[in-house]
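Scroll down for the structure; my scribbles are underneath it.
Derivation of every value follows stated rules applied to the coordinates shown; laboratory data play no part. Computed from a predicted model, the values in this text were never measured in an experiment. Positions of Cβ are generated from backbone atoms using ideal geometry, with glycine treated the same way; all protein chains shown enter the neighbour counts.
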Amino acid sequence: MADRRSRVAEAAPRPLPTRFLTPDDLVEMFELPSVETVYQWRRKGTGPRGFRVGRHLRFDPDDVRAWVESQITGAAA
């Protein structure tokens, strides 16, 4: 696990898109096993804040960035 953290810390941060993100975007960004992980985060209230556009789930890149920062801060504590 520490090896993965060091690789993440060394990797250059990728700029987030300026458009709203889809669950598939989060799967790709965070290398998640499936889109179901994103939906589980939503059900449990543990992931980034999302919103619905009709039946489609979207995420604001700023909210995703804030969520990532909170995860990093929480992990460091």
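I'd like to verify a number: residues in segment 23-61 that are out of contact with any Gly (no Cβ under 9 Å at 6 or more places or on another chain), within 18 Å of Ile72 (Cα to Cα) and of a type outside the set (Val, Ile, Thr), how many? Matching residues across segment 23-61 total 9.
Remark: pairs (first residue in segment 29-43, closer than 18 Å to His56 by Cβ; second residue in a loop (DSSP other than H, G, I, E, B); Cβ separation under 6 Å; 6+ apart in sequence or on different chains) = Trp41/Gly47. Taken over segment 47-77, the residue count meeting the criterion of being under 21 Å from Glu36 (Cβ atoms) and in a loop (DSSP other than H, G, I, E, B) is 5.
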